[in-house]
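Have a look at the structure below, then the notes.
The values are calculated or read from the model by the stated rules, or taken from the named source; none is laboratory data. Since the structure is predicted, the reported quantities are computational estimates derived from the model, not experimental observations. Because the Cβ atoms are built from the backbone with ideal geometry, glycine has one as well, and the counts that use them run over all protein chains shown. Ligands, DNA and RNA are excluded from the accessible area calculation, which covers all protein heavy atoms including side chains. Shrake-Rupley method; radii C 1.70, N 1.55, O 1.52, S 1.80 Å.
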Amino acid sequence: MRLINVRPRRGTAVLLACLPFVVLALAYLVGSAVRLAENPSDKLLPALSTIVQTVKLYAFTADRRTGLYLLWSDSAASLGRLFAGIGIATALALLLGLLNGILPVVRAVLAPFVAVVSMVPPLALLPILFIVLGLGEVSKVTLIVIGVAPILIRDLALSAQALPREQIIKAETLSASTWLIATRVVLPQVLPRLIDSLRLQIGPAFLFLIAAEAISADSGLGYRIFLVRRYLSMDVIFPYVAWITLLAVAMDLGLTALRRRVFPWSELERGR
Amino acid sequence: MSGIEIRNLWKEYGDQVVLQNVDLTIAPRAFIALVGPSGCGKTTFLRMLLGQEAPTRGTITLDGAPLPHEPGPDRGVVFQRYSVFPHMTVLGNVMAGPELRASRLLGRTFGVRRRAIADEAHAMLAEVGLAGSEDKYPAQLSGGMQQRLALAQALMMKPKVLLLDEPFGALDPGIRSDIHRLMKRLWNEVPMTVVMVTHDLREAFTLATRIIAFERTRDRPEERLRYGATITRDILIWPPRSAGKTTIWDADLLPGRDDPTIPGPIAGTTWPKEEPDADAYPPLR
Ligand SMILES: Nc1ncnc2c1ncn2[C@@H]1O[C@H](COP(=O)(O)OP(=O)(O)OP(=O)(O)O)[C@@H](O)[C@H]1O
Ligand SMILES: [Mg+2]
């Protein structure tokens, strides 16, 4: 049988999916054990027991100075910024992307501008944001919005334009106004696509968040990582990175579930 | 009522003349079949009737008034594809027109009004043989069912004119003859004029009251750009069919057969035998 026709069965597939993770974990454990055997005070690959202890300290013990459970307070601060940024970017995308995609007049004004703005490297704007908006929350949220919104807007506009012209015409023959075409025909069909492109933007959103926190913050996941970096505390950095990854994966899965739930037809269209 | 009047219609795309000098008067309640070789401008013509494209020259009037420059609810349409909304259920698709008309802000109705529209939609779905599929999405329907759904959706608006662009081209012969019977009945019952583009001459002869053929009169390569297609044949079906009046020739004489045109020529009719008579209707190309 040709290799392209060999499909693993479900149980096998699950095992195969676990394989890379297991390999990575084993490689870490072996590497850590070898290095620690050579030099018991090595900090680069701390032993599992050290990591567990640190996690306990950060997640389940109140900080002596502030009385906070650091992992949770950091997560709350970061997720607040992240959700604010993504939320604003999504709202902008819905408004501008839809207008851009449906109305040729708006497209004439906005499309070139958005196209150029989306090429500005957001991180290069970070100093400007800090100077203009101060070192507080606003500049961090703004960075996420600037980084994520243009791509969402363009993607939404493109998928609105990609709808078959026939459907718009059909809606017109069913007496729909521009408003009704936008809200009843175009919007519901681009929302599943918006959710998918949001999933792809979770990574960049975290990137901008952590970059902003690394430079100026007093709490947050990125702040903590860059704080303990000075002490080479890999036992803190590794769990934090894993935790951020876990959060991102959970958001990704959550968004997919949301799309399936709210737009059951989008799953059917996919197979066509 | 004066039907559709098309006077001296030209359509050019840039340098290319697609249609030239089309003059046509379509009587109210007529069923026009539009035939012609691929690329001769049938879809373009239909788009102009729809208001999606503006003629380069000439005028189109509907019941005496110039055609608006955009599609509207007085002209329904079924395209070859993409005619239904994939995000609405079958019932939602059929209810869409009346709901959009009734609720200009939300595009949805509630309570008594919704129930009235739903009842009408259920009746229409039963009419086109889609009863029982109300809660499915278009992706779960076959091609033939989707086209019947598109038809039902368009008919809910009770359009004055129904425009069909090769609506049944992708269907197998069995389903196609079912749809033909349905189409005939709907045309008899709903007060509308139908213009249907088709590549299938048998379909044209089965359904239409009149067949219009578009063709390029000059088709040498160097002439292609400067000369467009125009009406080269205008065939009235005999005996005349008229909407709402079923003649014995239109009745399904042999219910056992799936296509009423199969029994062969009946004296004095233009109905085709197995294939349209090659001498009477020379090939269009
Ligand atoms: N938007 C457009 N811009 C430029 N040329 C066009 C456009 N639409 C159609 N044409 C040209 O007009 C001619 C007629 O096209 P049309 O789609 O009306 O043909 P048709 O008769 O419907 O063909 P078919 O039977 O294959 O569907 C074609 O030569 C095509 O290249
Ligand atoms: Mg065509």
What tally of residues in the range B:148-174 results from selecting those that are within 16 Å of ligand 1 (Cβ to nearest atom) and open to solvent by 10 Å² or more (accessible area, probe 1.4 Å)?
4
Only helices (runs of 4 or more DSSP H) wholly contained in the range A:143-260 count here; list those with 1 or more residues that are within 20 Å of the chain's Cα centre (by Cα) and within 30 Å of residue A:70 (Cβ to Cβ).
A:187-215, A:221-228
Search result, residues across the range B:175-213 that are outside any loop (DSSP other than H, G, I, E, B), within 24 Å of residue B:82 (Cβ to Cβ) and open to solvent by 30 Å² or more (accessible area, probe 1.4 Å):
B:175, B:176, B:178
Selection status of residue B:97, more than 14 Å from the chain's Cα centre (by Cα), more than 16 Å from ligand 2 (Cβ to nearest atom), within 8 Å of another protein chain (Cβ to nearest Cβ) and not in a loop (DSSP other than H, G, I, E, B)
yes
I need the full set of residues from the range B:213-269 which are over 26 Å from the mean Cα position of the chain (by Cα) and modelled with pLDDT of 75 or more, in order please.
B:218, B:219, B:220, B:221, B:222, B:223, B:224, B:225, B:226, B:227
Which listed residue is within 14 Å of chain B (Cβ to nearest Cβ) and in contact with a Ser or Thr (Cβ under 9 Å, 6 or more places away or on another chain), from A:243, A:265
A:265
For the range B:38-56, how many residues are in a helix (DSSP H, G or I) and in contact (Cβ under 8 Å) with a residue 12 or more places away in the chain?
8
Being part of a loop (DSSP other than H, G, I, E, B) and out of contact with any helix residue (DSSP H, G or I) (no Cβ under 6 Å at 6 or more places or on another chain) is the filter; apply it to the range B:158-167 and report the residue that is nearest to the other protein chains (Cβ to nearest Cβ).
B:159
Would you check which residues across the range B:68-94 are part of a loop (DSSP other than H, G, I, E, B) and either more than 13 Å from chain A (Cβ to nearest Cβ) or more than 21 Å from the chain's Cα centre (by Cα) (or both) and list them?
B:86, B:87, B:88, B:89
All conditions in (1) touching a residue at least 60 places away in the same chain (Cβ under 8 Å); (2) open to solvent by less than 70 Å² (accessible area, probe 1.4 Å); (3) away from chain B (no Cβ under 14 Å) are true of residue A:191 except (3)
Of these, B:77, B:94, B:84, which one is more than 12 Å from ligand 1 (Cβ to nearest atom) and under 27 Å from residue B:14 (Cα atoms)?
B:77
Within the range B:39-68, work out how many residues are within 16 Å of ligand 2 (Cβ to nearest atom) and at positive phi.
2
Filter result (away from chain A (no Cβ under 13 Å) and touching a Gly at 6+ places or on another chain (Cβ under 8 Å)) within the range B:102-157
B:148
